[in-house]
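Quick notes on the structure that follows.
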Amino acid sequence: HSGKKRSRVPGVMVTQFVEQLPLGKATPDFTRKPMAVTTHEGKKVFFKAMVSGEPAPKVTWSRNKGEMNDPEKYKTRYDERTQEYILEIINITLDQADGYKCFATNEYGKAVCTATLTVIDESGQPKKKPLPPKKEGEIDPKLWELLLTASKKDYERICLDFGVTDFRWLLKKLKQMKTEMEDEQSKKLDNVKQIQVKPSGRAEFSFDMKLVDNNSAINIYKDGTGLSYDDDKNSKHSLTKTGINYVFSIKDVEPADAGLYQVDVEDTNVFTTDFQGKIQNVPDVEFVANIKNTKVTESEDALFQCVVSSPLNRITWLTEDSSLEDGEKYQITVSEDKLTHTLRVKNCQMTDKGMYSAIVGVTKSSASLTVGDDKSATADTGASKKRRGQRDLLVSDPNKSCACSVTDRGVQFVSGLSDTIANVDEQVELSCKLSSDTSEGKWYKNGKLLTDGDGVKIIKDGACHRLIIDCCKKDDAAVYRFEAEGRKSEATLNVQDPPNLDPDALGKFNQPIIIKAGENAEWKLPFSGGAPMTIQWYKDDEELLPATNVKIGTSDTESQLRLTKCQRKDSGQVKIKIKNEFGTKEALSRLIVLDKPTAPQGPVEVMESAVTSVEFKWKPPKDNGGCPVTNYIIERQQVGRNKWSNLGEIPANPSFKDSDVDPGRRYCYRIRAKNAEGVSDYLQTEDISAGVLRYPGSPTTPRVVSAFKDCINLSWCPPCDTGGTKIIGYNLEKNKAGTNYWSLVNQKGPITDVFEGAAYKFRVSAINLSGAGDPSIPCDTVIARDPMKPPGKVRDLKLTDSSYTSFSLAWAKPKEVKGVEDEAQGYYVEIRPIESLEWTRCNSVPITLTSYTVLGLRAMATYWVRILATNYGGDGEPQGFDKYIIAMPPPGRKHSFLLFLFVKSGNTVRLNINFEASPLPDVSWVKDGVPLAKHVTITNSDKGSQLLIPTSERSDSGIYTITVKNIVGQESFNVEIRVTDNPKPPGPLELDQKTPGTVTLSWGPSPDEKRDDRLHYMVSKRDSFKPTWRTVADNLFNNKFTVVNIMAGREYYFRVFAKNDMGLSPPSVSPVFAVRKEKGTFKVNMPQSKSVNLESPPSFLVPLKRRTAPLGYECHMSCAVKGDPTPRVTWYHKNISLNTNTNYHITNVCGVCSLFILQVGPKDNGEYKVVLENKLGMAESSMTLNPSFIIVLLPP
């Protein structure tokens, strides 16, 4: 990561290479940068700099626009005494005026700054290196200079001045040049205004610029020569600054002031502008007809028109304070002959009146615009109509000069003849255009009149006149002239005869020449063209000269090349260049020399060295001889013997496996390449040893990629030690938890041989040609179960109790959201002292209960508490309290009390409430929500509070509430006090029998019923057969009750008691109640006897039920059956009979069938089924046993 960094010295740019600097290190910077220097030619100059940085930076120098390789001109050194880096430039010349950059670099960054060297010539003015001259066919460099600093709206106008009509293709390169310039300048111009002449007669240009260093020198050049200027507007040249706006002006403009103006800051060009005319190379221009004063009424258009002496693409139009552009308000047009220029001011208003000027070069023509109101218009209607008619006539044909102010000059050339270059046998056309369609003209060749019969075509198309030569010959080269009504235009036609090649011969020449080594190659190419011709032959861009094996023959119409006894190295490109004074032609061919390939390339890489085989590879030949390698020939020698054995040819694949080797022996091989032309030299290998029995190392520990209830996916890395041969496979083994047996696993795809809920370990061993190596370290235990999502937050977290050393917490399980949050399988409790940032987990193993007590706290310490739900998918988000908790007991009761207190009227009420709280709480009492009566006394202490009522009355009954409150919290406790007395008996008791076997008792209310809402009644009964009283009804709040089961022939006695919290009242006794018993005739009906068949098919009285048994514990399952005859009972586990399995205890006692498992293991899960069979049918019942884990929480 690199980035810009601010320097302490203005004008210095620092780049940091690293994101963070090591301690004690620093990027380079300048403590003193080189200063700008202005000197005369021939002098000596010193640039001095002081730098800082750790480690010490390296200092280098460079120029912006030149090299510094000459040690005679540029010398650099370091002065240890002054700690200065010095650049010395000896005998300064004008071309050394430039910007010089100083770089300070170390491994952490780079610093760079620029100093300007200005060289003054003998005239005393600084010089600027001129722009490079324009080259033929290229864009004028001055155009680039102007476009780089111009506004986009000026692009079209500037390009038109340079004759570029389509400038869109320039924009991409211009954008790139602007980016480079801005990177170099580190500054940007805004609000740029090109140079123009103001109505005051001054020429000005302006721009906005922010300088990095306000002390930077600003130099202004005209055509490369420095200008002297100051900030006085009365001077010839002045530069004024207002904020960031710079304005340069030229007073009393003269033709000599025209030129290219450039602004440089230090050595960097920031602005370029062209002052009329010098770049276009147009002759001096003057006004043939000046613009005239104009008067219009409001909302009319005003027209200014002028005629210039020479065609111009544009002129400058100005008002008194600004320049005018073509747009909605102003319409600027130019006639086709570019002589008449028109300015139309649209929809004139009073604000448009004033002076308007037209400027050509340094010449100006001015006129006034007067805008009148509607009254003045109506006062002189006829005159205004006449003037408007003249203006409309003037505007209607902008191609005609202003008739009212310019004398008719006759026919004019809108466009003249142009010099033309044509090739022999090509068609050429000369054309011009007049200002009149009716004018006739004549054509001349070297002064001789031409007609249609002289081998040319003369065509007149309106104002256009054309001369066409269908097939140019050399004698058509001449000076051609066109004359019409005394006007003439001349042009020169040059006819060229460049080299020409016959297309058929050229196509044949372009075909490659293919020969075998030692054969000759020959090329011939006919040509035509004007003499003298220069013929040159090249091979691979090197010119061929006659030699022993190179023969070149050339005539006036053909050239021949012959190469004898060609070798493979002679292959390459063959080129002929034919040149005369009019042009150059080139033709290409190729020579391909076929030969045997070069030897295969080493080094030979041994891919495998096994007990029974050796495999190695090499690189193909560097040169295949011009045709593909078809085979390789392999030879072998056993080290210690002289005989080489031919192992045969193999296809063109550059590798070989020798399977016929003896263990431990060494072999050497020779390899030759073969193509259609022959066999190459051999490549000989180093000694290669056949392997011995060497097994691979252990792979890495298998990593569990994913686990599901029916499959597990693993991955591992191959061993670092392959045993000298390639790894051909792996053995993957599994171990089920609780066993010592490792079994092989199918490696093709996921491991599916697993049982849901079972735990496994896996290990892997690598196999090479010698066999299997040692197994890896087993992976951690993995359980075959589907993955889970972590659970959500617990709900309803609350503090149930606290003391000085503990917190008691309770919460509810988090909600399950399918696919997002799964079921919680346990919980972690975490606390954090308020002064700490680290959370401490209170339980290392998840708890399954939704409550927990945190022990070992510091008294009165403050803690944050949170709960995390967890499952094997991970921990969920924590849920904590909004506020911290203090380790202290809450204010409240120390002991539990009765909720109700009953007091007999007149007795004393004394109620003691004990509590614990810190700090001491405020204690308050209320009765039924209102303050206590005056006769009630409250006594408080630091451990409790007492309520005292000396003599209680029934009005003292109610709910008494005590509230204990301090800064930690508050707690309330309610006690209901009932003041009552022994009840009075109910009224007289009456009996009534409306239904046989029942009797209804009714009685009058007790006098205390209205005063005691808890008073109720109890009814007791005694009959003549039993001497004891039995309660038949209690808690009756009405005055009526019906007694049932009244038997005839017995006497009954009833008593009714009033009853409240104090006890029973005296009874209200009923009279004797009796019902006479009537005797009837006794008759016995004997039922008819029927035979009964007790046989039945088997069935279940109580079926099997689903069970969940903890692993390692016993399990008992049973069912009740019936059937006659007694059914045969068979138990099944996963459809396998268990009746003969001694691992299960099976009993059948009186139809109760039981199965007992002493210790439940993972294999005991699944479906259990009981099948009953007798001769009448069959029945079955099944259930599923799910072993589960049980977590035992031990006290800390």
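The values are calculated or read from the model by the stated rules, or taken from the named source; none is laboratory data. Values in this document were obtained by computation on a predicted structure and should not be read as measured data. Note that each Cβ is placed from the backbone with ideal geometry, even for glycine, and that neighbours are counted across all protein chains shown. What goes into the accessible areas is simple: the full protein's heavy atoms, side chains included, and nothing from ligands, DNA or RNA. Shrake-Rupley method; radii C 1.70, N 1.55, O 1.52, S 1.80 Å.
Selection of first residues in segment 736-764 that are touching a residue at least 24 places away in the same chain (Cβ under 8 Å) and of second residues that are of a type in the set (Phe, Trp, Tyr) and surrounded by 17 or more Cβ atoms within 10 Å (Cβ to Cβ), restricted to Cβ pairs under 8 Å at least 6 apart or on distinct chains, gives the following pairs, ordered by first then second residue: 736/760; 737/760; 751/762; 754/760; 764/716; 764/730.
Taking residues in segment 1083-1108 that are of a type in the set (Asp, Glu), and partners anywhere that are part of a strand (DSSP E or B) and surrounded by 10 or more Cβ atoms within 10 Å (Cβ to Cβ), the pairs with Cβ atoms closer than 7 Å and at least 6 places apart or on different chains are 1095/1124.
Of the numbered criteria (1) modelled with pLDDT of 85 or more; (2) of a type outside the set (A, V, I, L, M); (3) open to solvent by less than 30 Å² (accessible area, probe 1.4 Å), the one residue 907 fails is (3). Any chance segment 398-417 includes a residue that's surrounded by fewer than 17 Cβ atoms within 10 Å (Cβ to Cβ), at pLDDT 85 or above and assigned to a strand (DSSP E or B)? Within segment 398-417, none of the residues are surrounded by fewer than 17 Cβ atoms within 10 Å (Cβ to Cβ), at pLDDT 85 or above and assigned to a strand (DSSP E or B).
This table checks each residue for (1) among the hydroxyl-bearing types (Ser, Thr, Tyr); (2) closer than 23 Å to residue 474 by Cβ; (3) in the same structural domain as residue 421 (by the TED database).
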residue: 486; (1), (2), (3): no, no, yes
residue: 489; (1), (2), (3): yes, no, yes
residue: 512; (1), (2), (3): no, no, no
residue: 521; (1), (2), (3): no, no, no
residue: 534; (1), (2), (3): yes, yes, no
residue: 541; (1), (2), (3): no, no, no
residue: 552; (1), (2), (3): no, no, no
residue: 572; (1), (2), (3): no, no, no
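Is it true that some residue in segment 957-970 is over 30 Å from residue 801 (Cβ atoms) and not small (Gly, Ala, Ser)? Looking for residues that are over 30 Å from residue 801 (Cβ atoms) and not small (Gly, Ala, Ser), one finds none in segment 957-970, hence no.
Within segment 973-998, residues that are free of Cβ contacts under 8 Å to residues at least 40 places away in the same chain have Cβ atoms under 8 Å from residues that are of a type in the set (S, T, N, Q) and surrounded by fewer than 15 Cβ atoms within 10 Å (Cβ to Cβ) in these pairs: 992/1000; 994/1000, counting only partners at least 6 apart in sequence or on another chain. Close Cβ contacts (under 7 Å, 6 or more residues apart or on different chains) running from residues in segment 296-308 that are within 13 Å of residue 357 (Cα to Cα) to residues that are polar (S, T, N, Q) and in a strand (DSSP E or B) comprise 303/294; 303/342; 304/294; 305/340; 305/342; 306/365.
Taken residue by residue, segment 585-603 has no member that is modelled with pLDDT under 90, surrounded by fewer than 17 Cβ atoms within 10 Å (Cβ to Cβ), in a loop (DSSP other than H, G, I, E, B) and not aliphatic (A, V, I, L, M). Taking the criterion of being part of a strand (DSSP E or B), open to solvent by 20 Å² or more (accessible area, probe 1.4 Å) and in contact with a Leu (Cβ under 9 Å, 6 or more places away or on another chain), the residues of segment 315-353 that qualify are 316, 330, 331, 332, 333, 334, 344. When 726, 734 are checked against the criterion of being assigned to a loop (DSSP other than H, G, I, E, B) and either farther than 25 Å from residue 1166 by Cβ or not assigned by the TED database to the domain that holds residue 866 (or both), 726 stands alone in meeting it. Per the conditions (1) assigned to a strand (DSSP E or B); (2) exposed (fewer than 12 other Cβ atoms within 10 Å of the Cβ), the sole criterion not satisfied by residue 650 is (2).
With respect to the stated conditions, residue 993 fails to be over 21 Å from residue 936 (Cα atoms) and within 60 Å of the chain's Cα centre (by Cα). Restricting the first member to segment 447-458 and to residues that are β-branched (Val, Ile, Thr), and the second to residues that are loosely packed, with under 12 Cβ neighbours inside 10 Å, the beta-carbon pairs closer than 8 Å and six or more apart or on different chains are 458/451; 458/452. All of (1) at pLDDT below 85; (2) farther than 22 Å from residue 784 by Cα hold for residue 1147 with one exception: (1). One residue stands out in segment 617-647 among those that are of a type in the set (D, E, K, R) and not in a loop (DSSP other than H, G, I, E, B): the one that is most open to solvent (accessible area, probe 1.4 Å), namely 619.
Is it true that some residue in segment 289-308 is open to solvent by 60 Å² or more (accessible area, probe 1.4 Å) and modelled with pLDDT under 85? No, the conditions are met nowhere in segment 289-308. I'm checking my understanding of the structure. Among residues of segment 56-83 that are of a type in the set (S, T, N, Q) and at pLDDT 90 or above, which one is farthest from residue 45 (Cα to Cα)? Ranking the candidates gives 60 first.
Within segment 781-829, the set of residues being of a type in the set (Asp, Glu) and either in the same structural domain as residue 742 (by the TED database) or in a strand (DSSP E or B) (or both) comprises 796, 801, 821. Could you tell me whether segment 1-22 includes any residue that is assigned to a loop (DSSP other than H, G, I, E, B), among the hydrophobic types (A, V, I, L, M, F, W, C) and in the same structural domain as residue 110 (by the TED database)? No, segment 1-22 contains no residue that is assigned to a loop (DSSP other than H, G, I, E, B), among the hydrophobic types (A, V, I, L, M, F, W, C) and in the same structural domain as residue 110 (by the TED database). For segment 723-735, the tally of residues that are open to solvent by 50 Å² or more (accessible area, probe 1.4 Å) and either of a type in the set (Asp, Glu) or in contact (Cβ under 8 Å) with a residue 60 or more places away in the chain (or both) stands at 1. I'd like the residue in segment 1134-1188 that is surrounded by 15 or more Cβ atoms within 10 Å (Cβ to Cβ) and touching a Lys or Arg at 6+ places or on another chain (Cβ under 8 Å) and, out of all such residues, is nearest to residue 737 (Cα to Cα). Going through the qualifying residues, I end up with 1185. Considering only segment 234-269, state which residues are outside any strand (DSSP E or B) and exposed (fewer than 12 other Cβ atoms within 10 Å of the Cβ). 234, 243, 252, 254, 256, listed by residue number.
When 697, 757, 749 are checked against the criterion of being surrounded by 15 or more Cβ atoms within 10 Å (Cβ to Cβ), in a loop (DSSP other than H, G, I, E, B) and on the phi > 0 side of the Ramachandran plot, a single residue qualifies: 757. The strands (runs of 3 or more DSSP E) located wholly in segment 440-517 that include 1 or more residues which are open to solvent by less than 50 Å² (accessible area, probe 1.4 Å) and touching a helix residue (DSSP H, G or I) at 6+ places or on another chain (Cβ under 7 Å) occupy 464-469, 487-496.
What pairs come out if I take residues in segment 220-236 that are more than 18 Å from residue 98 (Cβ to Cβ) and pair them with residues that are in a loop (DSSP other than H, G, I, E, B) and open to solvent by 70 Å² or more (accessible area, probe 1.4 Å) whose C-beta lies under 6 Å away, six or more apart or interchain? Filtered contacts from segment 220-236: no entries.
Taken over segment 939-961, residues that are outside any helix (DSSP H, G or I) and open to solvent by 60 Å² or more (accessible area, probe 1.4 Å) amount to 9. Restricting attention to segment 39-46, does a residue exist that is of a type in the set (Ser, Thr, Tyr), in a loop (DSSP other than H, G, I, E, B) and in contact with a strand residue (DSSP E or B) (Cβ under 8 Å, 6 or more places away or on another chain)? Scanning segment 39-46, I find no residue that is of a type in the set (Ser, Thr, Tyr), in a loop (DSSP other than H, G, I, E, B) and in contact with a strand residue (DSSP E or B) (Cβ under 8 Å, 6 or more places away or on another chain), so the answer is no.
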